[in-house]
Amino acid sequence: MTIKRYFIVVNGIVQGVGFRPFVYNLANSFDLKGNVHNNSDGVHIDVEGHKETISKFLQRIEHNPPPLARIEKISIREEIVKNYSFFEIIESKKTFDIITLISPDIAICKDCEEDIKSSTNRRSGYAFTNCTNCGPRFSIIKALPYDREKTTMNEFKMCKKCARDYSDPTNRRFHAQPNACQDCGPELWVEDNEGNRLEIKNPISFVQNKLADGKIFAIKGLGGYNLVCDGGNEAAIQTLRALKRRPFKPLAVMMKNVETIKKHCKVTELEEELLTGIRMPIIILDQKQTYDLPRVIAPNQKTLGVMLPYTPLHSLLFSDKLETLIMTSANVNGLPIEYTDSAARKSLSGIVDYFLTHDREIYMPIDDSVLRVVEEKQTIIRRARGFAPEPFKALNMRDILACGPTMKNTFCISKDGFLFLSQFNGDLENLETFEHYKNNIERYKELFSFSPKVIAHDLHPEYLSTKYALDYDLPKIAVQHHHAHIVSCMFENDLERKVIGVCFDGTGYGTDGKIWGGEFMVCDRKEFTRVGHLDYVKMPGGEKAIKEPWRMAVSYLYKALGTREDCGRLFELYGEAAEKLTKFLDSNINCPQTSSIGRLFDAVSHIIGITDKVTYEGQAAIELEALSDIEIQEAYSYNIIKQDMYIIELYKMIKEVIIDKFDGVSTKIMASKFQNAIVNLSVSMCTYLRRDTGINEVALSGGVFQNPYLLKKISQNLKKEGFEVYTHTHLPSNDSGLAIGQIIIANSIIGND
Amino acid sequence: MSAITLSHGSGGTQTNQLINDVFFKYFSNDILNQMNDAAHLAIDFKKLAFTTDSFVVNPLFFKGGNIGKLAVCGTVNDLAVSGAKPLYLTCAFIIEEGFSMADLEIIVKTMAEEAENSGVKIVAGDTKVVEKGNVDGVYINTSGIGGIYEDVNINCANAKPGDVIIVNGTIGDHGMTIICERNNFGFEGDLSSDCASLNTLVDRMLEVYNGIHVIRDATRGGVASVLNEISDSSNVSIVLEENLLPIKEEVKGAAEMLGFDPLYIANEGKLCAFVPEAQAQQVLLAMRTHPLGRNAAIIGRVTNEIGKKVYMNTIVGGKRLVDRPSGILLPRIC
Ligand SMILES: [Fe+3]
Ligand SMILES: [Mg+2]
Ligand SMILES: [Zn+2]
Ligand SMILES: [Zn+2]
């Protein structure tokens, strides 16, 4: 058999992920000769051997690459045989340019976990152990190309042993940029709450003991500081809640291992895969009968947000006695996550008992990601650690910055055929978060050598992200909020042609200046036609009506019942305040009109008697969903009127809810009948729209589709009617996926100019 | 003669009667009484301040005042806060046919009292009557002339980092009273307009320290909009402390109910003064000796942060931008 020589170029996330040693070892195992090196346009492999062997070699590269690699393209050309005598890794070409693809931070791998747990390994107990398959990336990179000098690990010089690991192609730590050990790497220590370093031999066992005593720690993790306490200690958790000023919003927990999680929660195969995979996000799991953690962790919930220890530091914190830790980002009441030591000390010293900190600087702050599995499919609620800045592919894009929404902000930039969606930046409600947002945009610009040519932003004139956008002296494109939601769903499902868009959302600014959020549209990636929506109702007090659901309840009741006289029994429910509110509604002062489903949820959940005052976004909807039973089929009525578009009226439903309420029907039944009405009206609307337009594809988006009950039932029932239903998998359906829609729409609009 | 008719504005005998029986009866003074086409004024100041304002408030009568009081105070205050001694006012009435003569008389009487109280003379006037429906009751325009104190330099562009910001009392009283009375919400309670002439208060402030950098009355758009204008003109940032803002409980309650922020609600007897830190206490104490400054309070300060922003350290923690009012309140949160 004759020897052949091929020159192969592999593109994608192939650098800094152990690709060259993988190729080296693979080539040797097939007895192939040649070499491999990093080049600005990817990994170059020059290989000689039998044709069949090389094709097997290629198959292995394509189908079983290193866990962190993401291959975009492999190109091959034949060359004249050189008769190489061995296979080697050669120096990277000095023409080395910018690599646009940066790996997200990766959770600790099995091998590293073994290293730190084994008493004989030289990295035993070392909190900053990592290898090419795991460890910090995005959070420590200051500039590209990705090598140690350009990360916050540049402070640490590798010891001889580490340097040997680093330069040995057969070693798991070959070119692992943050490679370190206790002799040469970052150090861990404990401070009291005044910032005094404590002289302790073994900080980990000190922390374990104090946690067991009910103390609260600020722990410097991967992307920022976390507030941590024992997940079994109700008093400690209550204290932590008070300190964080977060009375009801569920707290995330970190558990020792999957076995511990399974004691409290149901874990499906996909959920286990996501929990233990390379990203290790928080997964929202259903609680089991045997769940016996304090109720204060997730009040009024049937679910729990759980994650596994995703860094060696976290992994070391657990013991036989300490299996569950509250692990929530260290910030107070909506401020950005603390990530610098000085700021953390300043803002947390009055809050925590101790700090567990270290000297590896966090350059890019990043929160934990949150996922939930619905109908055996992942949905992303918060896309951050482990995901950002992994890009999405999109061809023929101009260089656009999409500034995103104001709540749950992410922004997005397009460069070189990729969309880089930023990590979750939080709600731009205060100056601190707004500054954090602006800083992160600057860092993305710098890191990706990006300068926008066009700015895309939401239509809402009062979003801080819109105000930020308007400061650019560049062409700007305003994108309607719900159109952007639907297009984000079209994008991730590769839909180009017109679809029926069902957008169920909280708040979005409409083209008529009203607040939309229960929208049916026919749209493509450029334009939309609003074809139906929930009938407008007033929001007495504007944002106040969002924070106090009773206002929406009275607004709906007043509209449903018509006159103040007819509201006799309503006033029994709400007392004097309701009568005042109806006068206020009559006055029309600060009573914006809304078609939002989020507000309908607020109203109904309040009438049913679930939510009194909202302390976190979506609380009413989340608590209502938690109470419902998907097996219940009964539903309340609705009415669809065809005017110039379809108007959905729910006043009959409101009356039925009151009747049920006065009849003493259980909240479970009321909550289910209400959601079933939403399901039914969605199916009716889509059926009308298919009849009108002939379109059979339906895209579902908007924050309300985080509600698994609605997502499940609406998709199932639409499918039963023969619709092609498209939902989110890789992008959040809430506002943190919006920037993708903005960027795609803006690009389509420019493209056709 | 219980209601205004179109002939009251026609220039004939009825007009004369109205002017004599109502306006001269109350406004009478040496200059006005000369009845020239224009008032002749002898003024002892090198520089004059000159301003005008129109008043269209609904309801015309409200707790704490009426449109007449407002028309005098508004113009007097505009003169006072620019470092001038208010001297003379003109006033022009546009009256709706059918308007109650008795109400008109109360309004004029109030104006005369307020002019007396603030030491200004009404030296010229005009009356027009328009058909029913063309105005809402009565509109009043007043213009005013004041003499600028020579040793005072008050200017919107004078705020300096380190300046302390003082208000002379509770904010949002006027706007909240008007909104609630107009709509009969039933949560008016003890709401009352703060409508008042501030010139004697300003005099007292300048007596103890004539180097005050900026004084502005916080009318339409409230304290927030005045501070934004000053931040722009002076090219400085401003930080407020939410816990220091003086707000009446009833204003707070009504604002809560309506989803309004008292910082953006109109005042008719409130000023913001920018005083260098070293003199701030002295000015504050002087203000507190005046009836209109009894609740004077320091609410924030000027910083040298870049970006000309006005923000507030909130009670719940964190900094909130206090943007220019946009005119419409639109929910943003999901
Ligand atoms: Fe949204
Ligand atoms: Mg004025
Ligand atoms: Zn590893
Ligand atoms: Zn080492």
Which members of segment A:399-413 meet the condition of being touching a Lys or Arg at 6+ places or on another chain (Cβ under 6 Å) and away from chain B (no Cβ under 14 Å)? A:Asp399
Would you check which residues across segment B:201-228 are surrounded by fewer than 16 Cβ atoms within 10 Å (Cβ to Cβ) and under 18 Å from B:Asn267 (Cα atoms) and list them? B:Arg220
Across segment A:146-165, what is the total count of residues that are assigned to a loop (DSSP other than H, G, I, E, B) and either within 16 Å of ligand 2 (Cβ to nearest atom) or in contact with an Asp or Glu (Cβ under 8 Å, 6 or more places away or on another chain) (or both)? 1
Under the condition of being farther than 20 Å from A:Glu191 by Cα and surrounded by fewer than 21 Cβ atoms within 10 Å (Cβ to Cβ), which residue from segment A:333-354 is modelled with the lowest pLDDT? A:Asn333
Working only within segment B:298-318, note down all residues that are at the interface with another protein chain (Cβ under 7 Å from one of its Cβ atoms) and in contact (Cβ under 8 Å) with a residue 40 or more places away in the chain. B:Tyr311
Within segment A:437-449, track down each residue that is surrounded by 20 or more Cβ atoms within 10 Å (Cβ to Cβ) and within 14 Å of chain B (Cβ to nearest Cβ). A:Tyr437
Pick from segment A:130-145 the residues that are within 16 Å of ligand 4 (Cβ to nearest atom) and part of a strand (DSSP E or B): which of them is nearest to A:Ser92 (Cα to Cα)? A:Cys131
Which residue is nearest to ligand 2 (Cβ to nearest atom), if the candidates are limited to segment A:166-194 and must be charged (D, E, K, R) and within 18 Å of A:Pro66 (Cα to Cα)? A:Arg173
Does A:Lys514 satisfy the condition of being under 25 Å from A:Ile589 (Cβ atoms), within 13 Å of another protein chain (Cβ to nearest Cβ) and at pLDDT below 95? no
Hey, can you tell me all the residues within segment A:175-204 that are more than 31 Å from the chain's Cα centre (by Cα), part of a loop (DSSP other than H, G, I, E, B) and away from ligand 4 (no atom under 12 Å from the Cβ)? A:Asn193, A:Glu194, A:Gly195, A:Asn196, A:Leu198, A:Glu199, A:Ile200, A:Lys201, A:Asn202
Residues that are more than 12 Å from ligand 1 (Cβ to nearest atom), under 26 Å from A:Val679 (Cβ atoms) and not basic (Lys, Arg), drawn from segment A:511-523: A:Phe520, A:Met521, A:Val522, A:Cys523
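Just to be sure, is A:Asp494 out of contact with any helix residue (DSSP H, G or I) (no Cβ under 7 Å at 6 or more places or on another chain) and farther than 19 Å from A:Ser733 by Cα?
No, not satisfied.
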Whether any residue in segment A:355-373 is surrounded by fewer than 23 Cβ atoms within 10 Å (Cβ to Cβ) and within 14 Å of chain B (Cβ to nearest Cβ) is what I want to check. no
Quick one: A:Thr170 ticks every box in (1) within 16 Å of ligand 3 (Cβ to nearest atom); (2) of a type outside the set (Gly, Ala, Ser); (3) crowded, with 22+ Cβ neighbours inside 10 Å bar one, so which box is it? (3)
Which residue, of B:Ala92, B:Ala102, B:Ala124, B:Ala115, is in contact (Cβ under 8 Å) with a residue 24 or more places away in the chain, touching a Ser or Thr at 6+ places or on another chain (Cβ under 8 Å) and outside any strand (DSSP E or B)? B:Ala102
Selection from segment A:517-555 of residues at pLDDT below 95 and away from every other protein chain (no Cβ under 14 Å) yields A:Ala553
Can you pull out every residue in segment A:576-614 that is small (Gly, Ala, Ser), surrounded by fewer than 17 Cβ atoms within 10 Å (Cβ to Cβ) and facing chain B (nearest Cβ under 9 Å)? A:Ala577
Among strands (runs of 3 or more DSSP E) lying entirely in segment A:635-735, which contain 2 or more residues that are within 16 Å of ligand 3 (Cβ to nearest atom) and among the basic types (Lys, Arg)? none
Before we move on, is A:Leu313 under 19 Å from A:Cys112 (Cβ atoms), in a helix (DSSP H, G or I), in contact (Cβ under 8 Å) with a residue 40 or more places away in the chain and not polar (S, T, N, Q)? yes
Does A:Lys161 satisfy the criteria of being outside the structural domain of A:Gln15 (by TED's automatic domain parsing) and surrounded by 15 or more Cβ atoms within 10 Å (Cβ to Cβ)? no
Looking at segment B:109-122, is at least one residue out of contact with any Lys or Arg (no Cβ under 8 Å at 6 or more places or on another chain) and crowded, with 24+ Cβ neighbours inside 10 Å? yes
Search segment B:291-334 for residues being exposed (fewer than 15 other Cβ atoms within 10 Å of the Cβ) and either of a type in the set (A, V, I, L, M) or not in a loop (DSSP other than H, G, I, E, B) (or both), and hand back the single one that is nearest to the chain's Cα centre (by Cα). B:Pro291
Give B:Ile165, B:Ile230, B:Ile247, B:Ile171 a once-over and let me know the one that is over 30 Å from B:Pro59 (Cα atoms) and either modelled with pLDDT under 95 or not in a helix (DSSP H, G or I) (or both). B:Ile165
Please identify the pairs in which a residue from segment A:159-178 that is farther than 15 Å from A:Arg148 by Cβ and more than 14 Å from chain B (Cβ to nearest Cβ) has its Cβ atom under 9 Å from the Cβ atom of a residue that is away from ligand 1 (no atom under 16 Å from the Cβ) and among the aromatic types (Phe, Trp, Tyr), counting only partners at least 6 apart or on another chain. A:Asp168/A:Phe174; A:Pro169/A:Tyr24; A:Thr170/A:Tyr24
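Suppose we filter A:Ala635, A:Ala621 for residues that are among the aliphatic types (A, V, I, L, M) and away from chain B (no Cβ under 14 Å); which single one remains? Walk me through it before giving the result.
On the way: A:Ala621 fails: away from chain B (no Cβ under 14 Å).
Every option except A:Ala635 fails the conditions.
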Does any residue of segment A:464-471 turn out to be part of a strand (DSSP E or B), modelled with pLDDT of 95 or more and more than 16 Å from ligand 3 (Cβ to nearest atom)? no
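Per-residue answers, yes or no, for (1) part of a helix (DSSP H, G or I); (2) over 21 Å from the mean Cα position of the chain (by Cα):
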| position | (1), (2) |
| --- | --- |
| B:Val135 | no, yes |
| B:Asn141 | no, no |
| B:Gly147 | no, no |
| B:Ile178 | yes, no |
| B:Glu181 | yes, no |
| B:Gly186 | no, yes |
| B:Ser192 | no, no |
| B:Val202 | yes, no |
Residue within segment A:681-702 that is surrounded by 19 or more Cβ atoms within 10 Å (Cβ to Cβ), under 23 Å from A:Ser422 (Cβ atoms), within 14 Å of chain B (Cβ to nearest Cβ) and more than 16 Å from ligand 2 (Cβ to nearest atom) present: yes
Quick check on segment A:458-467. Is at least one of its residues in contact with a Ser or Thr (Cβ under 8 Å, 6 or more places away or on another chain) and away from chain B (no Cβ under 12 Å)? no
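The values are calculated or read from the model by the stated rules, or taken from the named source; none is laboratory data. No experiment lies behind these values; they were computed from the predicted model shown. All Cβ positions, even for glycine, are placed from backbone atoms using ideal geometry, and neighbour counts span all protein chains on display.
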